[in-house]
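Here is the structure we will look at, set down as C-alpha cells.
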Amino acid sequence: MNQSKNNLKKFYAIFFLAALSLAGGLSYYASSSPDGLEKVAEDEGFLESAKDSALSNSPLADYGLAGLDNERLSVGIAGVVGVVVTAIIALALFTLVKKRN
C-alpha cells in the first residue's frame, strides 16, 4: 500500500513539473488567434462596443505579466503562476473532500 502511495506522489510530481514546463516554456507559442467568444464578437461586429472587465488591469490580464516588456518571459511567468494557483486550489479542495470522508 505504501509503495502505491509513493508511486502516486511521484506521478503527481511528474505531472506538475510537466504542466509547469508546458505553461512556462510553450505558452508563448500558443495561437495568437482570438478565442471563440472574441471571434464571434468580431464576426458579428460588436467587439468594439464591448466593455473592459473589472479585472482588465490586473497583473495577469491578457495572458501576460503586466509591466514586463519581454513578451516571452511575461507569458511564461503568467503560465507558471496559473499552474501553481490552480494546483493550490485543487490541493485545498482535495484536502477538504478527504477530511469530510
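Every read-out reported here was derived from the displayed coordinates using simple, explicitly stated rules and does not represent laboratory data. Not measured: the values here are computed from a predicted model. Cβ sites come from the backbone with ideal geometry, for glycine too, and all protein chains shown count toward neighbours.
Ordered by the number of other Cβ atoms lying within 10 Å of each residue's own Cβ, fewest first, Val80, Val40 fall into the sequence Val40, Val80. Taking 16 Å as the straight-line reach from the Cα of Lys39, the lysines in range (excluding those fewer than 8 positions away in the same chain) are Lys51.
Neighbour counts of C-beta atoms inside 10 Å place Phe16, Phe46 in the sequence Phe46, Phe16, starting with the fewest.
Think of it as helices only: each DSSP H run of n ≥ 4 in the chain is worth -39500 (n - 2.57), and spread over all residues that comes to -20000 deg cm²/dmol at 222 nm. Cross-link partners of Lys5 among lysines, defined as those whose alpha carbon lies under 25 angstrom from its own and excluding same-chain residues fewer than eight positions apart: Lys98, Lys99. Helix 2-21 and the long axis of the chain differ in direction by around 20°, with both axes built from C-alpha atoms. The alpha-carbon atoms of the chain define a convex hull whose volume equals 159 cubic angstrom per residue.
About its Cα centre, what dipole magnitude does the chain give when the only charges are +1 on Lys and Arg Cβ and -1 on Asp and Glu Cβ, stated in debye to the nearest 20?
Working: 9 positive and 10 negative charges, 268 e Å.
Using only the charged Cβ atoms, the result is roughly 1280 debye.
The residue among Ile88, Gly45, Ser58 whose Cα reaches farthest toward the positive pole of the charge dipole of the chain, with charges on the beta-carbon of Lys, Arg, Asp and Glu, is Ile88.
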